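Take a look at the structure set out below.
The values are calculated or read from the model by the stated rules, or taken from the named source; none is laboratory data. None of the values given here were measured: they were computed from a predicted structure. For neighbour counting, all protein chains shown are included, and Cβ atoms are generated from backbone atoms with ideal geometry for every residue, glycine included.
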Amino acid sequence: MENKALQIQHHSKMIRYGSLLQRFYFKPTFLGVEHLNADRPAMYVGNHTIYGVFDTPILIDYLYTEHKIKIVSLGDHIHFKIPYWKDMVHKMGAIEGLREYARDAMQQGYSILVFPGGGREVVKRKGEEYQLIWKERYGFLKLAQEFDYDIAPFVAVGGDEVFDLALDANYLLEKKWFKKLLTVPKIGKILRHGDVLPSIPKNIIPKRVPFYFKFLPRQSISNIKTEQDLIEFRDQLQQTIYENIASTQLIRDRQS
C-alpha cells in the first residue's frame, strides 16, 4: 500500500516563487518572531483572510524558508480536485485537510498550519472582516494533544481589507430559487449547502494594503483532560486571536 505521507512534497523553489508576488505587493511585516522554534513541531493556528490565496503562501514561505520550520498546511478538499492546480498546491507545502493525512505528517515531525474556519472563513461576506468562523470545531486540538504538539497561535492582518464586496453571497442565499437549487444533491454537495459560496468583489486588482503577521507564545494543552476544558481552551484561543488582530491593526496603523 502506498504511504500517504509521500503526498508531502515540499519544493523549495515553488514555495519561494509562489509567494513572490504577494511579498512584493503587500510588503509583509512579521512580529513575535521570537516565539518561533524550528526544533520542536507545533500546530500553528490562526485566522484565514478572504479567498485564502494571499496569506497562506506568505506564511509557508516565511516559516519554511526564513526559519527552516518543517511545516505543511491543511488545505480545503476542493484544491485537490483540480488538475495541475493540486500538483502546485502540493509543492507549495499543502496536504488535503484529512485527519489521516495530518497524522502522517505529524508522525514525520512536520508542524501543521491550521485554519479552523476552513473554506467558510475564506468566503467572507459583508461585515465578516477578521471574523473567526470556527463553528464548534475543536478536533484540531484533539489532534495536537494526540502528538503532544503545542498550539502556536498567530494572526494575519491586511488580507480582509484588499477587496470591497459588490455581490454578497447572502444575497443569493436569501433567494427562494437559489435555496431550491441547493436542494439538488450534487449542487448542494459542491457548494456545501451554500457554505462555500464566494462573494463577488468590486475590484479585480486587490488594494495594496500592508500585511502584518504576528506570532504569539506557544500554549501547551497536554494537561487538558476533559472535552469541556478543551472547548473552553478553544474559546479562549479565539479571544486571544481577536485581541491580537485588534492590537496588530493598531501597530500597523501607527507605522503606516
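Filter region 190-232 for residues that are over 30 Å from residue 82 (Cα atoms) and touching a strand residue (DSSP E or B) at 6+ places or on another chain (Cβ under 9 Å) and give the result. Residues satisfying the conditions are 210, 212, 214, 215, 216, 217, 218, 219, 220, 221, 222.
Select from region 38-56 the residues that are farther than 13 Å from residue 113 by Cβ and touching a His at 6+ places or on another chain (Cβ under 9 Å) and list them in ascending order.
Kept after step one, since they are farther than 13 Å from residue 113 by Cβ, are these residues of region 38-56: 38-40, 49-51, 53-54.
Matches in region 38-56: 38 only.
Put simply, of 97, 109 the only residue that is surrounded by fewer than 23 Cβ atoms within 10 Å (Cβ to Cβ), small (Gly, Ala, Ser) and over 20 Å from residue 47 (Cα atoms) is 109.
Taking first residues from region 200-216 that are under 16 Å from residue 125 (Cα atoms) and partners that are exposed (fewer than 15 other Cβ atoms within 10 Å of the Cβ) and among the small types (Gly, Ala, Ser), the Cβ contacts under 6 Å between residues at least 6 apart in sequence or on separate chains come to 200/166; 202/166.
Taken together, 136, 100 contain a single residue that is over 17 Å from residue 196 (Cβ atoms), in a loop (DSSP other than H, G, I, E, B), of a type in the set (Asp, Glu) and in the same structural domain as residue 9 (by TED's automatic domain parsing), which is 136.
Taking the criterion of being touching a strand residue (DSSP E or B) at 6+ places or on another chain (Cβ under 6 Å) and either free of Cβ contacts under 8 Å to residues at least 60 places away in the same chain or aromatic (Phe, Trp, Tyr) (or both), the only residue of region 42-55 that qualifies is 44.
Checked against (1) more than 24 Å from residue 14 (Cβ to Cβ); (2) surrounded by fewer than 24 Cβ atoms within 10 Å (Cβ to Cβ), residue 69 passes all but condition (1).
Take region 218-242 and flag every residue that is within 21 Å of residue 157 (Cβ to Cβ) and under 18 Å from the mean Cα position of the chain (by Cα).
218, 237, 238, 239, 240, 241, 242
Residue 119 meets each of the listed conditions (1) under 18 Å from residue 56 (Cβ atoms); (2) free of Cβ contacts under 8 Å to residues at least 60 places away in the same chain; (3) in a helix (DSSP H, G or I) apart from (2). Figure legend. Inter-residue proximity from region 140-167: first residues under 16 Å from residue 25 (Cβ atoms), second residues assigned to a helix (DSSP H, G or I), beta-carbon distance below 7 Å, spacing 6+ or different chains. Indicated pairs: 156/55; 157/245; 157/248; 157/249; 157/252; 158/26; 159/55.
Tell me, please, whether a residue that is more than 27 Å from residue 190 (Cα to Cα) and of a type in the set (D, E, K, R) can be found in region 43-61. Reasoning before the result, please.
As a first pass, look at region 43-61 and keep what is more than 27 Å from residue 190 (Cα to Cα): 43-44, 58-61.
The next check asks that each one be of a type in the set (D, E, K, R); those that pass are 61.
Looking through region 43-61, at least one residue is more than 27 Å from residue 190 (Cα to Cα) and of a type in the set (D, E, K, R).
Determine whether region 163-173 contains at least one residue that is in contact with a Phe, Trp or Tyr (Cβ under 9 Å, 6 or more places away or on another chain), closer than 23 Å to residue 238 by Cβ and among the aliphatic types (A, V, I, L, M). Scanning region 163-173 turns up no residue that is in contact with a Phe, Trp or Tyr (Cβ under 9 Å, 6 or more places away or on another chain), closer than 23 Å to residue 238 by Cβ and among the aliphatic types (A, V, I, L, M).
State whether the residues of region 139-154 include one that is in the same structural domain as residue 34 (by TED's automatic domain parsing), farther than 30 Å from residue 229 by Cα and either of a type outside the set (Ser, Thr, Tyr) or more than 15 Å from the chain's Cα centre (by Cα) (or both). Step through it out loud before you land on a result.
Start the filter on region 139-154 by keeping residues that are in the same structural domain as residue 34 (by TED's automatic domain parsing), which leaves 139-154.
Retained after the next criterion (residues that are farther than 30 Å from residue 229 by Cα): none.
No, there is no match, as no residue in region 139-154 is in the same structural domain as residue 34 (by TED's automatic domain parsing), farther than 30 Å from residue 229 by Cα and either of a type outside the set (Ser, Thr, Tyr) or more than 15 Å from the chain's Cα centre (by Cα) (or both).
If we keep just the residues of region 98-116 that are of a type outside the set (A, V, I, L, M, F, W, C) and free of Cβ contacts under 8 Å to residues at least 60 places away in the same chain, which is farthest from residue 218 (Cα to Cα)?
Taking region 98-116 as the starting set, the residues that turn out to be of a type outside the set (A, V, I, L, M, F, W, C) are 99-101, 103-104, 107-111, 116.
From what's left, free of Cβ contacts under 8 Å to residues at least 60 places away in the same chain: 99, 103.
Working: 99: 22, 103: 20 Å.
Taking the candidates together, the pick is 99.
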